[in-house]
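The block underneath contains the structure these notes are about, expressed in structure tokens.
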Amino acid sequence: MDTKGRREPPTADGLVLAVTGRPGPSPLRFETADGGRRLLRQGERPLLLGRLDGDGCCHDLALHRFDGYSSPLPPLRATQQRSEVNWVHQYTRWLENAPDSPLNDGRWSLSRRGFFAPGIWTTDFVQEWPNGSLELYCGGGWHGILPLRRLSPLDAPRVKAYRKPAREGTLAPVLLWWVTFLDGWLILDGHDRAVAALAEGTQPVCVELRRVPDETDWRRTADEITEAHEQRLERLAARPAHPGLAYQRATLDRAFGDTLSSLPYDDAPIPTWPLSGGAQAWDELAARAVFQFPRD
């Protein structure tokens, strides 16, 4: 699959890829059905079943994963690990041409990420397989990392081979996909590299793939924010002059500029598609997986 995109001017840590020519469901995609049912599919192959249970701002997502996930990136050669590769650009090129990536029409940000809050790669790193449960909260979210295949043991040959580059700081980054409704990441590539880095006592360096707003969306938001900013300035100007007026004006202008500059790179919801066959098709998959929910 050839998915060429237009690269926008690079940001400090990465780039934005504006993809066109792929309007339909992406090869790696989430599908939804009634009752909080979620399905991650790659091509026609199911990879992950999930179902939300709960009320208000607290939900549990019970999940089951299937074997068979295929990384959208080609296998890395040892020489690539030791070379001076711009991994953000390299991963972007590979994703553009991958037959089974999550890319579809829209703007996608790829950036290097080397820092994560405490707990993300420990307590919120889902290591059990194939079942699991995620706690999703409004305002705080889950903010964890979910592998798409069974993690290799520490004595696996590939993990052992990656530990030396991990110690030397030359290990290729793990590719993560930020999924907005999970408020967390899926590992798209680098499961063994993640295990090796953690075994060496370090957080894996990552490249993060995120969906960001389309230009029409963020420009519409910018127009609304600009109008509101101008109204605030008018109300400020109508007040009696006082020594702090100039400072208030400067504070409003600074906040306005910071907000506008971040709009093109804010998180945008990932697209989902209706599950063919609806809830019944999901339930049939769950029955074959012997998928049990806490409330069942």
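Summary table
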read-out: Förster radius 45 Å - calculated FRET efficiency between Glu234 and Thr180 (Cβ-Cβ, nearest 0.05); value: 0.80
read-out: Neighbour-limited loop hits for GluC sites (Glu not before Pro), the stretch 23-119 (at most 13 other Cβ within 10 Å; DSSP other than H, G, I, E, B); value: Glu44, Glu84
read-out: Within-12-Å neighbourhood charge of Val88 [Cβ basis; K, R +1; D, E -1]; value: +2
read-out: Cβ-defined net charge surrounding Ser152, 11 Å radius [Lys, Arg +1; Asp, Glu -1]; value: +3
read-out: Kirkwood hydrodynamic radius (C-alpha pairs) into Stokes-Einstein, the stretch 216-264, 4 °C and 1.567 mPa s, D in µm²/s; value: 111
read-out: Sequence-distant residues sharing a close amide H with Leu188 (under 5 Å, placed H); value: Leu175, Leu176, Trp177
read-out: 5 angstrom amide H check on Gly132, placed H, neighbours 5+ away; value: Leu63
read-out: Rounded to 5, the percent of DSSP beta bridges in the stretch 146-296 classed as antiparallel; value: 50
read-out: Kirkwood Rh and Cα Rg combined as Rg/Rh, the stretch 107-204; value: 0.96
read-out: Hydrodynamic radius (Kirkwood) for the stretch 140-253, which is based on Cα pairs only, to one decimal in Å; value: 18.2
read-out: Extension gain from Ser133 to Thr216, taking 0.36 nm per residue of separation minus the Cα-Cα distance; value: 26.2 nm
read-out: Two-site FRET efficiency, Thr122 against Arg150, from Cβ-Cβ distance with R₀ of 22 Å, rounded to 0.05; value: 0.70
read-out: Rounded to the nearest 20 debye, dipole of the stretch 121-161 from Cβ charges on Lys, Arg, Asp, Glu; value: 280
read-out: Cα-centre dipole for the chain with unit charges at Cβ (Lys and Arg positive, Asp and Glu negative), debye to 20; value: 920
read-out: Listed residue (Pro165, Ser26, Trp87) projecting farthest to the positive dipole end of the chain, Cβ model; value: Pro165
read-out: Average Cα contact separation per residue, the chain, under 8 Å, 6 or more apart, as relative contact order %; value: 20
read-out: Cβ-based charge dipole, the stretch 216-264, positive-most Cα from Ala238, Ala255, Ile225; value: Ala238
read-out: Residue-by-residue Karplus 3J(HN,Hα) for the stretch 155-162, coefficients 6.51, -1.76, 1.60, Hz, glycine and proline x; value: 8, 5, x, 5, 5, 4, 5, 7
read-out: The stretch 21-104: projected area of the alpha-carbon convex hull, averaged over directions, in nm²; value: 8.1
read-out: Filtered chymotrypsin sites (Phe, Trp or Tyr not before Pro), the stretch 74-135: DSSP coil and at most 12 other beta carbons within 10 Å; value: Phe115
read-out: Surrounding net charge for Glu227, when Lys and Arg each add one and Asp and Glu each subtract one, Cβ distance under 12 Å; value: -2
read-out: Ratio Rg/Rh, restricted to the chain and using Cα atoms, in which Rh is the Kirkwood radius; value: 1.03
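Values in this text are rule-based calculations from the coordinates and carry no lab data. The model shown is predicted, which means the values in this text are computed figures rather than measured ones. Virtual Cβ from ideal backbone geometry, glycine too; neighbours counted across all protein chains shown.
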